[in-house]
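Remarks on the structure that follows.
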Amino acid sequence: MISLATNHRQIVLLYNSNQKGHRETLAYAKASGNNLLSIDVSKDKVAGTVWTEVATLLQVNVRDLLHTEHSLYENKYGKGHVIDDTGAIKTLQKDPEILLYPIAIKGNKGIEVKLYNEMLKLFDIDTAAIKIP
C-alpha cells in the first residue's frame, strides 16, 4: 500500500468513534500491545486513494465497504440504490457512519472487524509466553 504505510509491526485501524462497536474494536487494538495508527473516519477525511487501496487489500470493490443491504444505508439512500466505486468513495468521505465495520490492517493483511475479537487474526501470538500448568 502506498498511501497507508503499513508494516508487520503496526496495526492501522479505520474506525468511527461515533459507533460503540468501533470504539470497542479500538480499545481491543490498543490493548494488543502492537503499535497502532488509528484513523477516526468521523473526524479525519480519508483520501479516495486510501479507500481504493483498502478495498484492494481486502479484495473487494470500494462499494462493498458500504454494505448497501444494511438498513442504515437503505434509510439514507433508498432500498436498491446502485452505487459505483467513485460514488462509494464520496459517500464514505461525506457520511462516515456508512462504514458499517472498522477495518484493521497489519502489513499486507486486512480484515473487516465485525466482532472485536476478530482482531486476533492480526495479532502475533507469542506462544512462548503461555505457561501450561
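Within segment 28-43, restricting attention to residues that are under 14 Å from the mean Cα position of the chain (by Cα) and free of Cβ contacts under 8 Å to residues at least 40 places away in the same chain, the residue that is farthest from His8 (Cα to Cα) is Asp40. A single entry from Ile11, Ile103, Ile83 fulfils the requirement of being over 25 Å from Leu120 (Cβ atoms) and β-branched (Val, Ile, Thr): Ile83. Does Ala47 qualify as being under 21 Å from Lys114 (Cβ atoms) and of a type in the set (A, V, I, L, M)? In short, no.
Within segment 59-75, one or more residues are under 18 Å from Thr25 (Cβ atoms), modelled with pLDDT of 90 or more and out of contact with any Cys (no Cβ under 8 Å at 6 or more places or on another chain).
Please work out which residue is surrounded by the fewest Cβ atoms within 10 Å (Cβ to Cβ), limiting yourself to segment 1-27 and to residues that are among the charged types (D, E, K, R) and either within 21 Å of Leu66 (Cβ to Cβ) or modelled with pLDDT of 90 or more (or both).
Filtering segment 1-27 for residues that are among the charged types (D, E, K, R) and either within 21 Å of Leu66 (Cβ to Cβ) or modelled with pLDDT of 90 or more (or both), the one surrounded by the fewest Cβ atoms within 10 Å (Cβ to Cβ) comes out as Lys20.
Gly80: among the small types (Gly, Ala, Ser), in a loop (DSSP other than H, G, I, E, B), free of Cβ contacts under 8 Å to residues at least 12 places away in the same chain and over 23 Å from Glu118 (Cβ atoms), yes or no? Yes, satisfied.
Residues of segment 48-70 that are open to solvent by less than 50 Å² (accessible area, probe 1.4 Å) and of a type outside the set (Val, Ile, Thr): Gly48, Trp51, Glu53, Ala55, Leu57, Leu58, Leu65, Leu66, His67. If you go through segment 87-115 and keep only what is open to solvent by 100 Å² or more (accessible area, probe 1.4 Å) and either closer than 22 Å to Gly48 by Cβ or at pLDDT below 80 (or both), you end up with Lys90, Lys94, Asn108. In segment 71-86, the residue that is nearest to the chain's Cα centre (by Cα) out of those that are among the aliphatic types (A, V, I, L, M) and surrounded by 10 or more Cβ atoms within 10 Å (Cβ to Cβ) is Leu72. One residue is enough: does segment 35-44 have a residue meeting the conditions part of a loop (DSSP other than H, G, I, E, B) and modelled with pLDDT under 90? No. Taken over segment 28-46, the criterion of being of a type in the set (A, V, I, L, M), surrounded by 13 or more Cβ atoms within 10 Å (Cβ to Cβ) and farther than 14 Å from Leu99 by Cβ is satisfied by Ala29, Leu36, Leu37.
The values are calculated or read from the model by the stated rules, or taken from the named source; none is laboratory data. All of these numbers come straight from a predicted model, not from anything done at the bench. Glycine also receives a Cβ, built like all others from the backbone with ideal geometry; neighbour counts cover every protein chain displayed. Surface accessibility is based on the protein's heavy atoms, side chains included, excluding ligands, DNA and RNA. Shrake-Rupley method; radii C 1.70, N 1.55, O 1.52, S 1.80 Å.
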